[in-house]
1. V239: surrounded by 18 or more Cβ atoms within 10 Å (Cβ to Cβ) and modelled with pLDDT of 80 or more, yes or no?
2. In region 120-229, which helices (runs of 4 or more DSSP H) lie fully inside it and hold 3 or more residues that are at pLDDT 95 or above and open to solvent by 10 Å² or more (accessible area, probe 1.4 Å)?
3. Restricting to region 108-119, name every residue that is in a helix (DSSP H, G or I) and either surrounded by 13 or more Cβ atoms within 10 Å (Cβ to Cβ) or among the acidic types (D, E) (or both).
4. Give the residue that is most open to solvent (accessible area, probe 1.4 Å), with candidates limited to residues of region 11-52 that are over 29 Å from E252 (Cα atoms) and of a type in the set (V, I, T).
5. Considering only residues that are among the acidic types (D, E) and touching a helix residue (DSSP H, G or I) at 6+ places or on another chain (Cβ under 9 Å), which ones fall in region 31-82?
6. Suppose we filter region 242-286 for residues that are at pLDDT 70 or above, of a type in the set (A, V, I, L, M) and not in a helix (DSSP H, G or I); how many remain?
7. Cβ contacts < 7 Å: first residue at positive phi, restricted to region 45-60; second residue surrounded by fewer than 22 Cβ atoms within 10 Å (Cβ to Cβ), any location; separation 6+ or different chain. Result?
8. Within region 1-21, which residues are closer than 21 Å to Q51 by Cα and either modelled with pLDDT under 70 or within 24 Å of the chain's Cα centre (by Cα) (or both)?
Amino acid sequence: WALPPFSPSSCEAALAESITERQRDPECVETVAAGFMNYGLGSTFHYLIMQMQRAARDRKPIAFSGEWVYGGCEARDFTCAFDPVSHCNRTGAPLAYPRMEAQQHPWGMDENYAACAQGRSNALFHYISTLAGFLFRPNASMRRAAQEARVRIGLPEQYLGVHVRNGDFCHAHTVTVDPKECHPATAFADALLKAAKATGITDVYIATDNADTIPVMRGLCPELVFFFNKEVDRDWLIVSDQDLESGEIFLEQRLFKADLNKRQNHLQEIMVDIMLLARSEAMVGQFTSNISRLVVALGTFLRSGELLPFVSLDHPWCWNGFRPTDFGVKFGKNFWC
């Protein structure tokens, strides 16, 4: 997992180089600290991208500080999964970039990148993809876990990816104003079969929080071969009747109560899924899920800016600073992204 070989003349190469240079800050005098939300991993990571956007606007290097609910290593922070984006330790420093109110963002693209990409279609997506790739640098432990999982399950060099949410995500609409919908397995199967026909690839890596989904997908797509991470504790991910009654349906609420080993194990499970999905040849998911959107952004980054082919079962890709968009009108509510 490394920075891809962008064309030296590309806007992405210039952006990555400028961020790298700015992040050096040898004396740590310019670096600002930024906190992050303890929400789902995908939404938290997108929040970090917004903080990076803010730093790009201010032309400041940035370091992330604070305890992370997913972090089960000794540091209990971002470094439990990722190499730090800054050598500056800003833990305990006043947060120069505190949690932001909705009306404060989103910010636009870096002005140099915007000038470079002027007239280019999907410029904002490629800008966010580059920031995502810069931030998403799995540490040695996570890289090793992904490689070991790939070898253990016999995942071939070329494969399709599918991300099927069927846990807390399905119940989110009961306690939030952010409408989400869990789609039936038949919808994912139909999209996968079309992708297989278009690409000629019949091997599939499936990431799901529900073990029952895997045999169902196999039954719906007998011509496809499914690979999955058998190490995932999917029973722990099930939303119980007691969780529904108490209103504690989100995984993060259970993580706050879990011991550090459980936190770190679960973090590794998600990281392996994201890393393997991002390496797929085409992706099926739903863009109401932050994980699906993140995978496509990372997959595009890893392909040196070439768009990772994808199918979203609900909404287009969007970037609106966790503010409502009109994409969710079919739910009778606005979709936040």
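1. Details: surrounded by 18 or more Cβ atoms within 10 Å (Cβ to Cβ): yes; modelled with pLDDT of 80 or more: no.
Criteria not met by V239.
2. Numbers: elements: 123-135, 140-153, 168-171, 185-199, 213-220.
Of the helices (runs of 4 or more DSSP H) lying wholly inside region 120-229, those with at least 3 residues that are at pLDDT 95 or above and open to solvent by 10 Å² or more (accessible area, probe 1.4 Å) span 140-153, 185-199, 213-220.
3. Just the residues of region 108-119 that are in a helix (DSSP H, G or I), to begin with: 111-116.
E111, N112, Y113, A114, C116, listed by residue number.
4. In the first step, residues of region 11-52 are kept if they are over 29 Å from E252 (Cα atoms); the result is 11-31.
Applying the additional criterion that residues be of a type in the set (V, I, T) yields 19-20, 29, 31.
On the way: I19: 4, T20: 49, V29: 108, T31: 5 Å².
Top of the filtered list is V29.
5. Step one: list which residues in region 31-82 are among the acidic types (D, E), which gives 58, 67, 74, 77.
Listed by number, the list holds a single entry, E74.
6. 4
7. Final answer for the pair search is R59/R22.
8. In the first step, residues of region 1-21 are kept if they are closer than 21 Å to Q51 by Cα; the result is 3, 11-21.
Of everything in region 1-21, those that are closer than 21 Å to Q51 by Cα and either modelled with pLDDT under 70 or within 24 Å of the chain's Cα centre (by Cα) (or both) turn out to be L3, C11, E12, A13, A14, L15, A16, E17, S18, I19, T20.
The values are calculated or read from the model by the stated rules, or taken from the named source; none is laboratory data. These numbers were taken from a predicted model, which means no experiment stands behind them. With ideal geometry, Cβ positions are generated from the backbone for all residues, glycine too; neighbour counts draw on all protein chains shown. In case anyone asks, the SASA skips ligands and DNA or RNA and just uses the protein heavy atoms, side chains included. Shrake-Rupley method; radii C 1.70, N 1.55, O 1.52, S 1.80 Å.
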